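As structure tokens, the structure follows; a few thoughts come after it.
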Amino acid sequence: MSFEDLPDDWSERPVTDPALLDDVLDLFVSAASREAGALYLLLCDGEDRVAQPIVVDDLPVQCREDEAERLLHAFVSAAATLRADLGLLLAVARPGTPRATAADRLWLTVAVRVCDRLGVRLLGVHAVTPAGSQQVRPGRKAA
């Protein structure tokens with residue numbers, strides 16, 4: 001994974017293209033954010049191209065669900081008023097391995113809920129670490 005692998009026309013292509021996704025995340029998510037922790041909201045247009053990145057740093061290590069929802073709702077609702085075709089790619093930058101944690105799955109849960117409520121297309125939630133990136137998927141529920 002390296003942003004140096006991106007083709008010259010990457011900004012005209014959808015971030016949902018699996019051949020581009022890891023490299024686009026590598027381009028936007030800084031090494032410092034991967035060590036300190038941050039939330040990256042990549043706001044996308046109707047063709048799933050990055051229109052505007054937003055970085056939220058200084059996140060608590062363990063963010064409560066209600067806090068995460070308020071924070072994400074504030075940013076996404078503001079963006080949705082400006083763009084009816086809004087898509088969101090969310091990157092959770094943090095140290096460690098890209099294997100999904102409970103905190104990553106909390107961001108996924110909150111992102112699904114906020115995007116559903118606001119009519120925004122959620123393009124994915126990814127954990128981005130110094131070791132790479134991985135899509136966050138819902139965890140299995142205990143029986």
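State whether the residues of the stretch 36-53 include one that is among the acidic types (Asp, Glu), outside any helix (DSSP H, G or I) and at positive phi. Yes: one or more hits.
One residue alone among Pro60, Pro98 is under 17 Å from the mean Cα position of the chain (by Cα), in contact (Cβ under 8 Å) with a residue 12 or more places away in the chain and outside any helix (DSSP H, G or I), and that residue is Pro98. Evaluate the following for Val76: is it under 13 Å from the mean Cα position of the chain (by Cα), surrounded by fewer than 16 Cβ atoms within 10 Å (Cβ to Cβ), modelled with pLDDT of 95 or more and not polar (S, T, N, Q)? Criteria not met by Val76.
Selection within the stretch 120-141: residues that are closer than 16 Å to Leu21 by Cβ and either out of contact with any strand residue (DSSP E or B) (no Cβ under 7 Å at 6 or more places or on another chain) or among the polar types (S, T, N, Q) (or both). The member of this set that is surrounded by the most Cβ atoms within 10 Å (Cβ to Cβ) is Ser133. Leu25 fulfils the conditions (1) touching a helix residue (DSSP H, G or I) at 6+ places or on another chain (Cβ under 7 Å); (2) crowded, with 20+ Cβ neighbours inside 10 Å; (3) among the aliphatic types (A, V, I, L, M) except for a single criterion, (1).
The values are calculated or read from the model by the stated rules, or taken from the named source; none is laboratory data. In this text the structure is predicted, and so the values were computed from the model without any measurement. So basically every Cβ, Gly included, is an ideal-geometry build from the backbone, and we count neighbours across all protein chains shown.
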